[in-house]
Amino acid sequence: MSSRKDQNAAARMVRDQIAKEQRRKRTMWISIAAVSALVIAGLIGWGIYAGSKTTDYTAPKGANAAGNGIVTGSGPVVVDEYVDYLCPHCKSFHDEAAASIAQLAADGKITLVTHPVAYLDGASTNRYSTRSSAAAGCAAEYGKFTEFSDVLFDNQPAEGGAGPTDDDLIVLGRQAGLGDDFAQCVRDKRFLTWTNHVSEEAGRAGVTGTPTVLVNGKPTQASAAQIAAAVAAAGGATPSAS
């Protein structure tokens, strides 16, 4: 009798062990399936993200080789400025330093690369940052980028409301000497994908705010005096104070 009980107990232990092993395998396969699902979801997410990135764009005339900025001048020192046409600090920087920087370019001291990013769409009700940057691309296409940028900053709207419409941008373009070709370019939204490219490239370069200024790749305070000093240190223009 005792032997039969021992046999039954042994059989139960074997069954319990088999059941435990089956549960372990079931848990393992469920975990593998869950991880696989996460990997697949991640790959799908990356595919959607990669597909949304701006790989197909047309840069306007006057753009640099990377297609992420408009070039003025051809001097030995490269000055990169990242600006958003809705950014109040960018307007202050432009009002204080634009003439000085333009003179450095005109004197052959610097190559100025302006990156009109669209970081502040959330601060307007009609995506003014993106649309003004795209319109600036149209202005570059027709040879009036600097003039149009001046007009945009002179007529900068307040944050929080609607910026100028496309029709308003066309009117501002006429103030900068642009005509019907520019108007059609704005209406066609020809450089919207270019604007996305400019902003994406700026983000990849670590630019998180505007205005941002680099002189030969080194961050520099966004002021006329500091930029002139940095250019001089890099072997370009001599600061006016010296």
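Filtered by the rule that a residue be open to solvent by less than 30 Å² (accessible area, probe 1.4 Å) and either in contact with a Pro (Cβ under 9 Å, 6 or more places away or on another chain) or aromatic (F, W, Y) (or both), region 151-183 gives L152, F153, P157, G163, P164, L172, F182.
Conditions: (1) within 15 Å of R187 (Cα to Cα); (2) over 20 Å from the mean Cα position of the chain (by Cα); (3) touching a residue at least 12 places away in the same chain (Cβ under 8 Å). A139 meets all but one. Number of the miss? In the conditions (1) within 15 Å of R187 (Cα to Cα); (2) over 20 Å from the mean Cα position of the chain (by Cα); (3) touching a residue at least 12 places away in the same chain (Cβ under 8 Å), A139 misses (2) alone.
Filtered by the rule that a residue be of a type in the set (A, V, I, L, M, F, W, C) and in a loop (DSSP other than H, G, I, E, B), region 95-131 gives V117, A118, L120. The selection criterion, being modelled with pLDDT of 95 or more, β-branched (V, I, T) and closer than 22 Å to G122 by Cβ, does not hold for T220. A search for C-beta distances below 7 Å between a residue of region 144-158 that is assigned to a loop (DSSP other than H, G, I, E, B) and any residue that is among the aromatic types (F, W, Y), counting only pairs 6+ apart in sequence or on different chains, returns Q156/Y85; P157/Y128. Among the residues making up region 95-108, those that are open to solvent by 20 Å² or more (accessible area, probe 1.4 Å) and under 24 Å from L169 (Cβ atoms) are D95, A98, A99, A102. Residues in region 62-84 that are of a type in the set (A, V, I, L, M, F, W, C) and free of Cβ contacts under 8 Å to residues at least 60 places away in the same chain: 2 in all. Taking region 201-219 as the range and being under 21 Å from L86 (Cβ atoms), assigned to a helix (DSSP H, G or I) and free of Cβ contacts under 8 Å to residues at least 12 places away in the same chain as the test, only G203 passes. Somewhere in region 176-184, is a residue assigned to a helix (DSSP H, G or I) and either under 24 Å from S92 (Cα atoms) or acidic (D, E) (or both)? Within region 176-184 (the criterion being assigned to a helix (DSSP H, G or I) and either under 24 Å from S92 (Cα atoms) or acidic (D, E) (or both)), the answer is yes, since at least one residue qualifies.
In the set T55, T111, T125, T72, only one residue is open to solvent by 10 Å² or more (accessible area, probe 1.4 Å), at pLDDT below 95 and hydroxyl-bearing (S, T, Y); that residue is T55. Residues that are in contact with a helix residue (DSSP H, G or I) (Cβ under 7 Å, 6 or more places away or on another chain) and in a helix (DSSP H, G or I) were ranked within region 82-94; the one that is surrounded by the most Cβ atoms within 10 Å (Cβ to Cβ) is H94.
The values are calculated or read from the model by the stated rules, or taken from the named source; none is laboratory data. Note that the coordinates shown come from a computational prediction; the quantities given were computed from them, not determined experimentally. Every residue, glycine as well, gets a Cβ built from its backbone with ideal geometry; the counts of neighbours run over all protein chains shown. To get the accessible areas, we keep the full protein, side chains included, count just its heavy atoms, and leave off ligands, DNA and RNA. Shrake-Rupley method; radii C 1.70, N 1.55, O 1.52, S 1.80 Å.
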